[in-house]
Every structure is written in C-alpha cells, then in structure tokens.
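Every number in this text was worked out from the coordinates using simple rules, so none of it is lab data. Model, not experiment: these values are computed from the prediction. FYI the Cβ positions are ideal-geometry reconstructions off the backbone, even for glycines, and counts take in every protein chain you see.
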Amino acid sequence: MDWGIENRLSRLIKEDGRCQFLPIDHGYFQGPTSCLEKPSETIRDLLPYADGLFVTRGVLRSSVPANSQTPIILRVSGATSIIGADLANETITASIEEIIRLNAAAVGISIFVGSEYEKQTLTNLARLVDQCENFGIPVMAVTAVGKELEKREARYLALSSRIAAELGARIVKTYYCPEDFEKVTGGCPVPIVIAGGPKCETELEVFEFVYDGIQKGAIGVNLGRNVWQKPPSSPYDEGIKRHYS
C-alpha cells in the first residue's frame, strides 16, 4: 500500500482496527435536517468522540474549526435533492485540487447499484479512485439506496459492497441487515463501516445493531442521526465507542 494512503487510513482507523465516523453531510440533498440546522453547534461536543467527520466542503469551511484535529472525509458526490426526480442522478462535486486544498484524509462518494444511474455512479467512483490514488487519498464508497429502503438486504448489500471494492474503494460504507450480514462483510475485501440509516426509536436498538454488525465483520460505524438527534447531555456517543471496542 502506498505510504500516503496508509498514513491517511491510519488516522481514520485506530490501532485496534476500529473506527467511529460522524456524518453530517445530510444537507447536501435534504437541506436543513432536524438537529443539523446549525452544524457548528451540532458537532461542537461530538468532535472529540469522532475518528472522522464526513462533511461537504461548504459545511467544512463554514462550520468546522480549522484547528480541529478530527480527520476529514470529504463528501464529493451530489447535485441532486430530495425533491428532485431521482436521488441517484449524482455527479462528482469537487475537484482533486479542492480535495487536496482542504487537507482531506479521505473522500466519500455514493453509488446506486441497480438504479437507472448505476453505470453513471459507478463510473464516478472509478474516475475518483483514479484521481485520488495519484495523490495518496483513500476513497470511501457509500452504497446508497435512495428512497428504496427495502433494498437493505444482504444479497443487494453484498453485491454493492463487492462492486465498490472491485472499482478501488479503500473503505465501504453500507447498511446493516439483521440476516446474513456476515455475507456482506465476508464478500468484501476492504473494510466495511455500518451506516446508521433512519433514526432508531431507542438507544438500545442502535447498540444492538452496532454490536451485531461488528461481531459479523464490520470494523466500525458511520452514525449520524442516531447520534446527533439524541439529547446533548446523553453519554451516548461514548457508549457506542465502548460498545464495539
């Protein structure tokens, strides 16, 4: 592995092989999401617990302190909205020069396997890998499902995750599924982190799927709404770290 790639991954994935990423990129297609209206306030007390912050360049510049030591995973796909015709119709939204300028530890891009825009989003991933590998920057592929949440089952997730790895992703962010999740992680030759998905009703639900997912091969989590839509005084984020460590 190239030194630059290895160095950046070591900042995101700790010595114990685990990671907890904090995504706050939801506004790129949802607009001002509940509890994320003012990103700087949302993340202020959470950054010390995060191994990586998944964020767009606009919110990075406007809301993240430049002296923050939390590594940045830069969201570099988008250009669709929740009221548009199809969330899958994404393009790459940042240049390699911008990625370098913002000192990103990694970049994240969505792919929509099985959608009308499958080829487009997979080509986006392949081209991004080509650009980023030249500069030692790892790419995290996000196996997105758009509005079709029923796709979150093992066969589909395993297919999407493997394709992402085959195209050069260094990390894959995918959904947890209660049945056969070990087939998802077992069929993917690069590390998998668990996406949070819709907000759970209880904290116990989150702890349960995080624990099960880690036991079945995921290296960590990428939880947004199930973290920052919790009460600010909750010791919840620290609890998640202890739960899978």
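Remarks
- Ranked ILE24, ILE73, criterion: other C-beta atoms within 10 Å, fewest first: ILE24, ILE73
- Legend: ranking of residues PHE54, PHE29 from fewest to most surrounding C-beta atoms inside 10 Å; resulting order PHE29, PHE54.
- Shown for LYS173, LYS199: other C-beta atoms within 10 Å of each C-beta, ranked fewest to most, produce the order LYS199, LYS173.
- Rounded to whole Å, sorted largest first: equivalent-ellipsoid semi-axes of the chain, Cα gyration tensor: 23, 21, 19
- Computed [θ] at 222 nm, helices only, for the chain once each DSSP H run of length n ≥ 4 contributes -39500 (n - 2.57): -10500 deg cm²/dmol
- Across LYS173/LYS230; LYS38/LYS173; LYS183/LYS230; LYS14/LYS199; LYS119/LYS183, pairs whose alpha-carbon gap is larger than 29 Å: LYS183/LYS230
- Eigen-decomposition of the gyration tensor built on the alpha-carbon atoms of the stretch 80-141 gives equivalent ellipsoid semi-axes of 23, 13, 8 angstrom, largest listed first.
- Among beta bridges that DSSP assigns inside the stretch 3-244, antiparallel share in %, nearest 5: 5 percent
- At least 30 Å along the helix axis (C-alpha) and Kyte average at least 0.5, DSSP helices within the chain: none
- The stretch 184-208 residues near the modelled SER34 label - backbone nitrogen below 14 Å, point 7 Å along Cα→Cβ: 198-202
- Of every Cα-Cα pair in the stretch 155-225, the percent that sits beyond 15 Å: 47 percent
- Between ARG101 and SER81, the contour length at 0.36 nm per residue exceeds the Cα-Cα span by 4.6 nm.
- Taking all Cα pairs closer than 8 Å and separated by 6 or more residues, the relative contact order of the chain comes to 18 percent.
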